[in-house]
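What follows is one structure encoded as structure tokens, with my remarks underneath.
The values are calculated or read from the model by the stated rules, or taken from the named source; none is laboratory data. Note that the structure is predicted; figures quoted are calculated from it, not measured. Using ideal geometry, Cβ is built from the backbone for each residue, glycine included, and neighbour counts are taken over all protein chains shown.
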Amino acid sequence: MAIKDKIKKLADKYTKTLHSQIAQRKKEMKDDDTSHYLIYRVLGISNEEGQLIDEYQNTGRFLYKYAGSFLEEATTLCFTEVYPEGCKTKIPNTLGQKPKTFEIDFLNGTDAIEIKWRDATTDGDHITKEHTRVKVITGAGFTPIRVMFYYPQRAQAIKIQETLETLYSGVNGEYYAGDYAWEFVKRYTGIDLKQVLEEIAYERTASNND
């Protein structure tokens, strides 16, 4: 099966699950307590607007979760297509007790690749954990490679990513974000993942408009 067909099949699975989860949540929300709409009204938001906001907030959480998981799994498909010996693996934390292990999304030889669709964290502890993670991976003889497709929007989150980029550089690791992430996947696998996704998106949008 061609890689595009594999990714389309994966997208079909995620689409089905996403819409099922959204439908189930909307059904559950019909029985939700809406007494908090009082505060919405105090702040100038009508009951109807409040209902829509709550509905989209819940839908958004599902969409964000499944969008991220889909892109990360689709990227892994590209890696395994070319490097079938590569795999997800865990290594022990040799520098502390929490967490006990660190997961490597795709280990190919000495390349320890972390795949993220987006990282919008503003938690300072995140840097400490990542610092430990990168040192553990390096100490195990691997090269940490971070691939993040979408850069965060907020200043504090951007600052954390800049710190992480410096951290990776300091241990001779590799950090790719935004366009550089798509380019890395294409260069590493020979598969233009972004082009594949754009084709699938176009086909589905055209089909929906028919």
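Could you say whether any residue in region 119-126 is in contact with a Pro (Cβ under 6 Å, 6 or more places away or on another chain) and of a type outside the set (S, T, N, Q)? Checked region 119-126: at least one residue is in contact with a Pro (Cβ under 6 Å, 6 or more places away or on another chain) and of a type outside the set (S, T, N, Q). The set of residues in region 142-176 that are surrounded by fewer than 16 Cβ atoms within 10 Å (Cβ to Cβ) and among the small types (Gly, Ala, Ser) comprises 155, 169, 170. Sub-8 Å Cβ pairs linking a first residue in region 70-85 that is farther than 18 Å from residue 201 by Cα to a second residue that is of a type in the set (D, E, K, R) and surrounded by 19 or more Cβ atoms within 10 Å (Cβ to Cβ), at least 6 apart or interchain, are 76/105, ordered by first then second residue. Within the set 89, 75, 59, the sole residue that is modelled with pLDDT under 95 and either in a helix (DSSP H, G or I) or surrounded by 12 or more Cβ atoms within 10 Å (Cβ to Cβ) (or both) turns out to be 59. Restricting attention to region 128-139, does a residue exist that is in the same structural domain as residue 97 (by TED's automatic domain parsing), crowded, with 16+ Cβ neighbours inside 10 Å, closer than 17 Å to residue 79 by Cα and acidic (Asp, Glu)? The answer is no, given that none of the residues of region 128-139 is in the same structural domain as residue 97 (by TED's automatic domain parsing), crowded, with 16+ Cβ neighbours inside 10 Å, closer than 17 Å to residue 79 by Cα and acidic (Asp, Glu).
Residue count for region 41-52 under the criterion of being surrounded by 10 or more Cβ atoms within 10 Å (Cβ to Cβ) and either polar (S, T, N, Q) or without any contact (Cβ under 8 Å) to a residue 12 or more places away in the chain (or both): the result is 7.
Among residues of region 182-196 that are more than 10 Å from residue 4 (Cβ to Cβ), those with a beta-carbon under 9 Å from a residue that is part of a loop (DSSP other than H, G, I, E, B) at least six positions away or on a different chain give the pairs 182/192; 185/191; 185/192; 186/192; 188/83; 189/83.
Results for (1) over 26 Å from residue 157 (Cβ atoms); (2) of a type in the set (S, T, N, Q); (3) in contact with a Lys or Arg (Cβ under 9 Å, 6 or more places away or on another chain), shown as yes or no for each residue.
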{"position": "58", "(1), (2), (3)": "no, yes, yes"}
{"position": "62", "(1), (2), (3)": "no, no, yes"}
{"position": "66", "(1), (2), (3)": "no, no, no"}
{"position": "84", "(1), (2), (3)": "yes, no, no"}
{"position": "108", "(1), (2), (3)": "yes, yes, no"}
{"position": "116", "(1), (2), (3)": "no, no, yes"}
{"position": "121", "(1), (2), (3)": "no, yes, no"}
{"position": "135", "(1), (2), (3)": "no, no, no"}
{"position": "138", "(1), (2), (3)": "no, yes, no"}
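Given the structure, is residue 183 in contact with a Lys or Arg (Cβ under 7 Å, 6 or more places away or on another chain), at pLDDT 95 or above and closer than 20 Å to residue 80 by Cα? Answer is no for this residue.
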